[in-house]
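Here's the structure we're looking at; comments come further down.
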Amino acid sequence: MTAQTDTPGSVTTVYKVTGMSCGHCEGAVSGELSELAGVTSVKAVASTGEVTVVSDAALDESAVRAAVDEAGFELAGLA
């Protein structure tokens, strides 16, 4: 599990997402996760399958899973 507090009121969490293989995939996942309430930054890396999300507070895993599913990929859990 990778979840850490960067600045007061900011939480960084790294998720493992399966199925990403290119920049388009990264954009799709980033776009869906960016729409979640409280998310301030998303960086997806297809080569590692890791998606780093910075948010105002810890995110509900079911909401993250639903966003990743909407993008057409699968949340494998925390990296």
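Report, by residue number, each residue of segment 28-64 that is surrounded by 16 or more Cβ atoms within 10 Å (Cβ to Cβ) and either assigned to a helix (DSSP H, G or I) or at pLDDT below 95 (or both).
Ala28, Val29, Ser30, Glu32, Leu33, Val64, listed by residue number.
Consider Gly9 carefully, then state whether it is out of contact with any Pro (no Cβ under 9 Å at 6 or more places or on another chain), at pLDDT below 95 and on the phi > 0 side of the Ramachandran plot.
Here the answer is yes, as Gly9 does meet what is asked.
Please determine, by comparing only the residues of segment 4-27 that are in a loop (DSSP other than H, G, I, E, B) and either hydrophobic (A, V, I, L, M, F, W, C) or over 13 Å from Leu75 (Cα atoms) (or both), which one is nearest to the chain's Cα centre (by Cα).
Met20
How many residues, within segment 41-71, are in contact with a Ser or Thr (Cβ under 8 Å, 6 or more places away or on another chain) and farther than 15 Å from Val14 by Cβ?
The qualifying residues number 1.
The values are calculated or read from the model by the stated rules, or taken from the named source; none is laboratory data. Quick caveat, the model's predicted, so the values are computed rather than measured. Reconstructed Cβ throughout: ideal geometry from the backbone, glycine too, with neighbour counts over all protein chains shown.
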